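Trainee: First the structure, which I've put down as structure tokens, then a few questions once you've had a look.
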Amino acid sequence: MKSDAAIEQYFNQYLPGFLGQPLIKNLMSLSAAFWIDIVDQACWSLVIEKGILTEVTQGPQAGAFGFRTDPETFLAVAGNTLSPQKSFFTGKTKISGNFYEALRTATALEEFFQSYPYPPKAMEG
């Protein structure tokens, strides 16, 4: 699967499967609205309220902060082969807006990527 198709599938099919439920255990403290901008593709905005994913929308940047990265880096992070922090420190992911909240959210989401790496094994092949 090409990276653009894989990313479309992630935001339009895979991630919406988590709407309305806690992303990970003990994450009730996380509430954030942010965007993920994939270079040369699209931008998606996400809203997490008390640890529960409530919105995934494609379109203009919305939220207090955002992440901008290339398709390969995003898929590596979503697939749990690259940590979000390492993608920042190597310059592959840029943060805009509230830097502290962005790092805090990325740290929490790292646990989500570890628990639910993309693509799920059942989707491969």
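Every number here is computed from the coordinates shown, using simple stated rules; none is lab data. Here the structure is a predicted model, which means the values were calculated and not measured. Heads up, the Cβs are rebuilt from the backbone with ideal geometry, glycines too, and the neighbour counts pull from every protein chain shown.
Trainee: Taking a spot 7 Å from the Cα of E111 along the direction of its beta carbon, which residues of region 57-88 have an amide N less than 20 Å from it?
Mentor: Under cut-off, by backbone N: 77-87.
Trainee: Loop only per DSSP, at most 15 neighbouring Cβ atoms within 10 Å: give me the trypsin sites (Lys or Arg not before Pro) in region 29-125, ordered by residue number.
Mentor: Answer by residue number: K50.
Trainee: Would you calculate the separation in nanometres between label points at K2 and D40, each defined as 7 Å from the Cα along the Cα-to-beta-carbon direction?
Mentor: Inter-label distance under the simple model: 1.1 nm.
Trainee: I've got another one for you. Among the lysines, select those whose C-alpha is under 19 Å from the C-alpha of K50, and discard any that sit fewer than 8 residues away in the same chain.
Mentor: Result set, ordered by chain and number: K25.
Trainee: Would you mind computing the Rg to Rh ratio of the chain from its alpha-carbon coordinates, Kirkwood style for Rh?
Mentor: 0.92
Trainee: Hey, another quick one. Considering only DSSP beta bridges where both residues belong to region 3-117, give the percentage that are antiparallel (nearest 5).
Mentor: For region 3-117, the DSSP antiparallel bridge percentage is about 80.
Trainee: Work out the length of the dipole vector of the chain about its Cα centre, built from +1 on the beta-carbon of each Lys and Arg and -1 on the beta-carbon of each Asp and Glu, and round it to the nearest 20 debye.
Mentor: Around 280 debye, computed over the chain.
Trainee: Round to a whole angstrom and tell me the spacing of the C-alpha centers of region 71-107 and region 1-60.
Mentor: 14
Trainee: Multiplying the sequence separation of D70 and K25 by 0.36 nm and subtracting their Cα-Cα distance, what value in nm do you get?
Mentor: Stretched fully, the D70-K25 segment lengthens by 13.3 nm.
Trainee: Which three extents, in whole angstrom, do the alpha-carbon atoms of region 24-84 cover along their principal axes, largest first?
Mentor: 32, 28, 15
Trainee: Provide the FRET efficiency to the nearest 0.05 for the T54-Y100 pair, computing r from the beta carbons and using R0 = 22 Å.
Mentor: The value I calculate is 0.50.
Trainee: Okay, moving on. Would you list which aspartates and glutamates come within 16 Å of K2, measuring only between C-alpha atoms, while excluding same-chain residues fewer than 8 positions from it?
Mentor: Of all the aspartates and glutamates, those that pass the test against K2 - Cα under 16 Å, at least 8 places apart if same chain - are D40, D70, E72, E124.
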